[in-house]
Every structure is written in C-alpha cells, then in structure tokens.
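The structure under discussion appears below in the form of structure tokens.
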Amino acid sequence: MRRVDWRGVESFNELSDRAAIHALYECCTSRIWAIRVAAGRPFPDDEALFERADLILAELTESDLDEALDGHPRIGDRADNPSSASEQSGVAGADAAIIDELKKCNAEYEDKFGHVYLVFANGRPAVELLAILKERMSNDPQTERRVMRMELGKINRRRLRVMLEPAVHYVDDEEGAHP
C-alpha cells in the first residue's frame, strides 16, 4: 500500500475493505477484530477508531483473543515484526543474565496460564518487564486474562496511532519491502 499524501483516519476511511482489514490485522492478529473494527468505518476522528477497537477487543471470545496473542513474540525473544521490535527495544542490549531469567520466567508463565506473557513493553527495560512478569505470576488465571486483555488494548492503541501517522518512506507493494 502506498501512503503518499496519507491523512490519518481520513485516508484509512478511504481504503478498500480488504486494505483496511489488512492494515488492522497488522495491528492485532485477530481476524475477527480486524474485520469488525473495519466495519465501523468511516470514523470521524482517531478517538472514534480507538474506541471501536477497544469495544471489539472487549467482545472477543477467548479463542479470538488467543489468535491475537499468536502475533506477539515472547518478551526477550527475537521480534518477528517491526512493531514488536520497536516495542521491545528496551530489551535489546540487556544483560545476558536478565535475558536468561526472562526466558525462564516466560516458560513458567506459559505453563501456568497457557499463553504468552503479554505486556505493553514500549521501550521499557528488560529488568522492569521481568519484574512485572514475576508480579503477574501471582495472579489467578481469570485475573491474568483480564490484565492481558488490557495490555493488548494498550498495544493495539499504540499500533493504531502508528498506522495513522504519515509514513516516512513510501514502498510499492510489488517490492515487498518495508520502510
């Protein structure tokens, strides 16, 4: 998708349904979330889009939520997409002992809760993310699902804000490159 002359939510509203769903799926890997948020277009402003995104997230089934989690790498692992890499930038360069501890605690978390540890990382240092992980281990499964859903909402909002910003670089779809 070319983003020449991108005008934020106005340009997002003008996308084809398929392009809008694709853009939203890049923010959150729940297909139903992307489809249902896109169905709310046209949005009068950014806040209306954010509110719709939050509403749809709150309505996701547990399996839809699990699908959304599949798009998030473990904290401390190599990020497999530009958004996660940016969000986890505070982990880069962390002490090897902290990374090892994160990996160990990630495994314990997944054993206990059955899904990846999700937190709004947004440049936070590895030691802080590790402390949050250890604190959340004391949650019961229902509480942790609620906390995780709130963290996903924060991540989605950040990614939506980035999506609405003008691109610095413009790329043709045919090239398959990313800015």
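Within the shell of other residues whose beta carbon sits under 12 angstrom from the beta carbon of Ala94, the net charge comes to -2, with Lys and Arg scored +1 and Asp and Glu -1. In the range 119-159, the portion of solvent-accessible area held by carbon and sulfur atoms comes to 57 percent [1.4 Å probe, whole percent, DNA, RNA and ligands not counted].
The values are calculated or read from the model by the stated rules, or taken from the named source; none is laboratory data. Just so we're clear, the structure is a prediction, and the values are computed from it rather than from any experiment. Here Cβ is always computed from backbone atoms with ideal geometry, including for glycine, and neighbour counts include all displayed protein chains. What goes into the accessible areas is simple: the full protein's heavy atoms, side chains included, and nothing from ligands, DNA or RNA. Shrake-Rupley method; radii C 1.70, N 1.55, O 1.52, S 1.80 Å.
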